[in-house]
Every structure is written in C-alpha cells, then in structure tokens.
Amino acid sequence: MNKIHILTLILFSTMCLFNACKNDDDDMAGLSCEEYHWEYTGEEAPDTWNTCFLDCGGQDQSPVNINVSDTSPDAGLTTLELDYKDVPIEVLNNGHTIEFEHEAGSTFRLNGVDYNLLQFHFHTLSEHTVNGNHFPMEVHLVHQDPATGNLAVIGIFFEEGNENAFLASFDDDLPTAADEHYSSEDLVNATDLLPSDLGYYTYDGSLTTPPCSEVVTWFVLKMPIEASASQIQQMHDILHDNYRPVQDLNGRVIRESI
Ligand SMILES: [Zn+2]
C-alpha cells in the first residue's frame, strides 16, 4: 500500500467517524428507523421522534398550552354539531393508549362536511394544558373528513370527581396489556362523554403521536368532565404517562367560542 492509499484510507476512516457510517442519517442511539419504536420515555422519548418522523419537528405541532388570557374570542365559531349513534363496545390496548374503535355512522359536521368518528382514546395526564396545568386525563375523539383525510379531534379533560358512567360501562374489562382487546354487545353512546357545555378552544395542529402529521383541527372543550379517583388511577396504571409535552405555538392563535 503506497502513501496515497494510506492517506485515502485515513481520510475515509475520519469521515466515517463523523457521518459516513450512519445508516442513511437515520441512525440514533445505535438504532435505524426500521428498528425505532417511539415511546414516551427512554431513548425513544418525544424529543427524539423527529429523527425518524420529520413532521414531529414541524411548526404546527400538538399538544399546546392554552393560556386563557391569550386566546382570541370569536363569535363566528359555531356550536359543535355532533351526531353520535349507539354502538357496541370495542376497546383495544394498542401499546400506546386504550382506544375505543368506533363503528361507522357517527359524525361531527364541520363547515358543511360530515367528519366520521373513527375512534377515541385516552391520555394520562392530559396532553393539552390550561395556564400551564395538566388535568389528570384527556380523551381524544378522532373524526375524519372522508374526502381529504383531514382530521377534527375533540379533546375533553377529565377532573377528579364523581364516577364517570360512560367509562363504568367498560372499565371492569379494560385491556391491560398491549394488543389485548375487549368487546361487548352492550350499546354505548359517546354523547355520554360530553360535558353539559360544549364551549371550546380551537387551533390548527397535529397528531400528538408519530407521524405527527399536521392535518388536525383541534377542538379542546373548556368544561372538563368527571371521573372518580379510582377510574383515573386505573387508566393511569395501564397507560402510565402517555402524554407528549406541549409544543410551541409558533405564532398560531387559539380561538375561543363565545
Ligand atoms: Zn390522542
């Protein structure tokens, strides 16, 4: 091997140290993106999600903190038009949350479009915060525009109080481990999850889990609903802290229905 070859070898070895040996720039903590399974803690915690899911580093991310003195009251925001039907219970633990798989036929009418209620799921603690404070739990009702695929998600906070009758209809049977499933012919109606006042905050944001797509119009209800301390504890024992930290607004305005 002559001197030029040795020099070339050293040069490539040095480059290798700094970047050339990474797998397609996807490498992190020794994992490629094929092996990356996002989590809420550890090496695959939320601050690493954007390594393999670029949208998670976007400018319009969710959740956000709602500072009530900075919201913009808007008389043009209309009452939520929800048409939820009785459906049998279908609950899945997908390893990140407890998800209620909703039968087709229930809708959220928004700007003349019927968004279909696909599923709802739970986070402990809440993902959105109000004046910097978490609630102990938040449910997300996910609706989709069948034409565009865009989403309208209603977020409802839980506070500790009386037993929640809707949750009580299946919380004896919550699937505690990933991929476990529970179903029942008993009928429930998601209307029973709603607070008596549907006033809301709204802003443009994203999925709060990878791939963090910025396709979500958020409707976060101002009035929390109640669940008992044991119901909240039971959900937290299964989900642990499955909430993404709040993201920067980056100039977005949170409008408030009045
Ligand atoms: Zn969610």
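The values are calculated or read from the model by the stated rules, or taken from the named source; none is laboratory data. Please read these numbers as outputs of a predicted model, since none were measured by experiment. FYI the Cβ positions are ideal-geometry reconstructions off the backbone, even for glycines, and counts take in every protein chain you see.
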Of the residues that make up segment 73-93, is at least one within 16 Å of the ligand (Cβ to nearest atom) and either small (Gly, Ala, Ser) or under 30 Å from ASP248 (Cα atoms) (or both)?
yes
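Given the criterion near the ligand (Cβ under 10 Å from one of its atoms) and more than 20 Å from ALA190 (Cα to Cα), identify the matching residue among HIS134, HIS96, HIS140, HIS123.
Going through HIS134, HIS96, HIS140, HIS123 in turn, the sole match is HIS96.
Within segment 161-220, work out how many residues are part of a loop (DSSP other than H, G, I, E, B) and away from the ligand (no atom under 16 Å from the Cβ).
Initially, segment 161-220 is screened for residues part of a loop (DSSP other than H, G, I, E, B), giving 161-164, 169-170, 174-180, 189, 194-199, 206-215.
Adding the requirement that they be away from the ligand (no atom under 16 Å from the Cβ) leaves 161-164, 169-170, 174-180, 189, 194-199.
Number satisfying all stated conditions: 20.
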Looking at ASP172, ASP192, ASP145, can you tell me which residue is surrounded by fewer than 19 Cβ atoms within 10 Å (Cβ to Cβ) and at pLDDT below 95?
ASP172
Among (1) surrounded by fewer than 20 Cβ atoms within 10 Å (Cβ to Cβ); (2) part of a loop (DSSP other than H, G, I, E, B); (3) within 16 Å of the ligand (Cβ to nearest atom), where does GLN61 come up short?
(1)
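Considering only residues of segment 157-169 that are closer than 26 Å to SER184 by Cα, in contact (Cβ under 8 Å) with a residue 60 or more places away in the chain and of a type outside the set (Phe, Trp, Tyr), which is surrounded by the most Cβ atoms within 10 Å (Cβ to Cβ)?
Residues of segment 157-169 closer than 26 Å to SER184 by Cα: 157-158, 162-169.
Going one step further and asking which of them are in contact (Cβ under 8 Å) with a residue 60 or more places away in the chain, we end up with 157-158, 162-164, 167-169.
Filter again for of a type outside the set (Phe, Trp, Tyr), leaving 162-164, 167-169.
On the way: ASN162: 10, GLU163: 13, ASN164: 20, LEU167: 23, ALA168: 12, SER169: 16.
Applying the filter and picking the extreme gives LEU167.
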Here are some residues: ILE225, ILE232, ILE154. Which one is under 16 Å from the mean Cα position of the chain (by Cα) and either buried (at least 17 other Cβ atoms within 10 Å of the Cβ) or not acidic (Asp, Glu) (or both)?
ILE154
Starting from segment 173-187, take each residue that is in contact (Cβ under 8 Å) with a residue 60 or more places away in the chain and list its partners that are surrounded by 12 or more Cβ atoms within 10 Å (Cβ to Cβ) and among the small types (Gly, Ala, Ser), counting only C-beta distances under 8 angstrom and pairs at least six apart or across chains.
ASP173/SER184; ALA178/GLY95; ASP179/GLY95; ASP186/SER169
Mind listing whichever residues of segment 69-88 are among the β-branched types (Val, Ile, Thr) and farther than 18 Å from THR107 by Cα?
THR71
